[in-house]
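Below: one structure, written as structure tokens.
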Amino acid sequence: MTSLIVGTAGLNLVFVAVGYALLAPVIRGSSVRGWLSYAGVALLVGVAVTGVALCGAAIAGARIGPAAFAIVAALLMAVGLAAYGRLPARTRTRLAHAEPPAHARAGRRLDGVATVGCALLASMLCVAVIGAFRSTPWLSDVWTFWLPKGIALDKNGLDPGLWLGHGGVVEFPVPDYPLLWSIVLNLDIRFVGRVDLRAVNVQEAYLLLGFAGTIARLLWGIVRPWILWAGILFSLALPELLRHAQGGAADVPLSFYVTAALVAATAWLLRRWPLALALVGVFSAAAFSIKSESYPDTAIWLVLLTAVAWPLARRPIAAVWGAVAVGALSSAPWLAWKAEHHVANQIHLGDLFGFGYLRHHTATLHGALHTITGHFTSVREWTFVFPAFVLVGIVGAVLERRPRRRLLWLGAPAFVLVSWAMLVWLFWADREGSFRLVYSAYRLVDVFALISALGATVGVELIIRGRRSG
Amino acid sequence: MSTRDRAAVAAIVVVLVCIGGLLPHVSSPIDRLINVKSNGAEPSYVNLRDDAPLRDAARIIPNNPTATYFLESNSTFGLDLYGAAVLYFPPAREVGDIRLAQWIVAYGVKPDIPATVRIVRRDRLGPNLVLVRIERR
């Protein structure tokens, strides 16, 4: 157990150090408390940037073990620290986040809600971390391909035989998945010193902490504390999310990064905060390097955000597209490697848009409708996140006095509807849809549930703000 | 947040974590989250129960990317054996054809050795696992 604690903590401290080094030029001049408030962001940024860089190194032919990690981490820290000294003061000021105004005290009762919400969240996270040290992932994908791919990248490199079955070698399942999550899991194992599957759950628990800290940092000053803490608690205490985090599913880090990118985009749009815009690119890059599902997930939030906010903020929305495009560019080496080695995607684009194929494949459609609807409406799995988000959107639209902004509110029900429809469509078009509906559909909901829960949180804040200002 | 608020947060956290940690049966969600029946380092196999022999086999199979092994099992242990092999045996690689293999890892079944190969070494590692080094005749 000692090696598990020390190893995983050591690795994540390096990630945090890399993240802080890269953030340093921008948050320079903040108070100690200001620096500490970026700890969650630093962890997510450290994992994202180091992971994406190591993916590139793996594709270039390097073996990805502790030595490669040490070199890449040192280089990234050097870049951050060099920029710390050299970035012109004017640029720093433009990038930096002006300290948010202190929230006016909301009254004893609401301050009490904030205090209890924050305490419950901290307690739940403590219990989740302790639980992670005591549990091994229940999902077999973790030990049949996610972690083994990372071990292979360390010991064999990106060997086409292992990914494609050349030369009689048995290939890994799902060869089209990107490499970031496998690389991170292998680093955990190497830092622990032996194959200890509990390290997977510990890594997910640390990312859970980092995600909570990131959301709190990004929304601080936008959402008042009592709504913020209650909202983050509501988002992270989802029974199914916590179950998946103990399963070791890659969908959990994927949902953290996709959601964090959207929250960063929201912070950029509401505060014109350039650091938040940069984080959209960093978090999107990580999402694209974790799982192929990141493409439709990101497309949904990006297209809907554009549809509802374009009339109000054209240039900022264009900047969000630019940041996501930069994030997508980081996955170009992997896409090029896949194309060069003819690695097929799990779902064929031709099937998705093939009317004839879909018409003759309706048996899966019935199953998809039933299963996906079941996940979206199950109180036991996702409490009330989807109805809550829809309700907040409708209430916001009804109470909105400015007709141009009414469309913005309808983004909430549209998001739930479109994400539900997209999942139904994906499983309908999937040739192995019947199998995957049983064994993986439940995990693809994670990202939409997290976005809905945090969307409802921001929505409640905007409703209250609108009522007060109106 | 004032000092008093921070103290209140800390106090509530300590109390709740103590309740969760010391009284694990206080409620089933905390039971699940804290994983009352804690697990070990090995994968959560479906049927396989003895992980140690597989780690022993990994010490015998050469630490070399040119080493190859072939897995023999039945449907009960197939997924478990595959998972353990890809975790413990790299850089050795699994082959789908026994004629390409240097090692046979048989779990829960008697290894089926083709007539075209000869046995160089045979290790019984635990009640269910047999590791065989083979060479082509």
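Derivation of every value follows stated rules applied to the coordinates shown; laboratory data play no part. Worth saying up front: this structure is predicted, and the values here are computed from it rather than measured. Neighbour counts are summed over all protein chains in view; Cβ atoms, including those assigned to glycine, are modelled from backbone coordinates with ideal geometry.
So what J values fall out for the range B:106-122 if you push phi through Karplus, 6.51 cos²θ - 1.76 cosθ + 1.60 with θ = phi - 60°, rounded to Hz, Gly and Pro as x?
The phi angles translate into 10, 10, x, 9, 7, x, 9, 8, x, 5, 7, 10, 10, 7, 8, 7, 9 Hz.
Using 0.36 nm times the number of residues separating residue A:299 and residue A:370, minus their current alpha carbon distance, what extension gain do you get?
That works out to 23.1 nm of additional length.
Restricting to DSSP H runs of at least four residues, report the calculated mean residue ellipticity at 222 nm for chain A, -39500 (n - 2.57) per run over all residues, nearest 500 deg cm²/dmol.
So the calculated ellipticity at 222 nm is -24500 deg cm²/dmol.
Quick one: 3J(HN,Hα) in Hz for the range A:154-167, Karplus 6.51/-1.76/1.60 with θ = phi - 60°, rounded, Gly and Pro as x.
6, 9, 10, x, 7, 7, x, x, 6, 8, 10, x, 6, x
How large is ³J(HN,Hα), in whole Hz, for each residue of the range A:337-351 in order, when computed from phi with the Karplus curve 6.51 cos²θ - 1.76 cosθ + 1.60 and θ = phi - 60°, using x for Gly and Pro?
4, 4, 5, 4, 9, 6, 7, 7, 7, 4, 10, 8, 4, x, 5
So who's got an amide H within less than 5 Å of the one on residue B:68, skipping anything under 5 residues away but keeping other chains? H placed 1.01 Å off N, in plane.
B:93, B:102, B:103
Arrange the peptides A:228-237, A:182-191 so that the one whose residues have, on average, the most other Cβ atoms within 10 Å appears first.
A:182-191, A:228-237
Using only the Cα atoms of the protein assembly as shown, what semi-axes does the equivalent ellipsoid have when each is the square root of 5 times a gyration tensor eigenvalue? Give whole Å, largest first.
Equivalent ellipsoid of the protein assembly as shown: 43, 27, 25 Å, largest first.
Mind checking the mean number of beta-carbon atoms from other chains within 10 Å of the Cβ atoms in A:144-152?
Average neighbour count from other chains, rounded to a whole number: 4.
Would you mind computing, in nm to one decimal, how far apart the modelled labels at residue A:71 and residue A:5 are, each placed 7 Å from Cα along Cα→Cβ?
Here the answer is 3.5 nm between the modelled labels.
Once you have a ≥ b ≥ c as the square roots of the Cα gyration tensor eigenvalues for the range A:380-446, tell me rounded if a/c is under 1.5, and otherwise prolate or oblate according to whether a/b is larger than b/c.
Here the range A:380-446 falls in the oblate category.
Order of A:319-329, A:211-221, A:305-315 by packing, highest average Cβ count within 10 Å first?
Packing order, densest peptide first, comes out as A:211-221, A:319-329, A:305-315.
Quick one: how many lysine pairs does the protein assembly as shown have with C-alpha atoms less than 28 Å apart and a gap of 8 or more or different chains? Give me the count, please.
Pairs that pass both the separation and distance tests number 5.
Between residue B:123 and residue B:7, how high is the FRET efficiency from 1/(1 + (r/R0)^6) when r is the Cβ-Cβ distance and R₀ = 60 Å? Nearest 0.05.
0.45
For the range A:253-347, what is Rg from Cα atoms divided by 2.2 N^0.38 Å, rounded to two decimals?
1.11
Would you mind putting A:50-59, A:198-207, A:282-291 in packing order, based on average other-beta-carbon counts within 10 Å, highest first?
Ranking the peptides A:50-59, A:198-207, A:282-291 by packing returns A:282-291, A:198-207, A:50-59.
If you keep only loop residues by DSSP, which GluC sites (Glu not before Pro) in the range A:349-457 have at most 15 other Cβ atoms within 10 Å of their Cβ?
A:432
Let me know the mean shielding of A:115-126 by other chains, meaning the per-residue number of their Cβ atoms within 10 Å of its Cβ.
The per-residue average across the peptide is 6.
Taking H as built 1.01 Å from N, whose amide H comes closer than 5 Å to the amide H of residue B:122, not counting residues under 5 places away?
Correct list: B:133.
Given that compact globular proteins tend to follow 2.2 N^0.38 Å, what is the ratio of the alpha-carbon Rg of the range A:119-192 to that value?
Output field value: 1.40.
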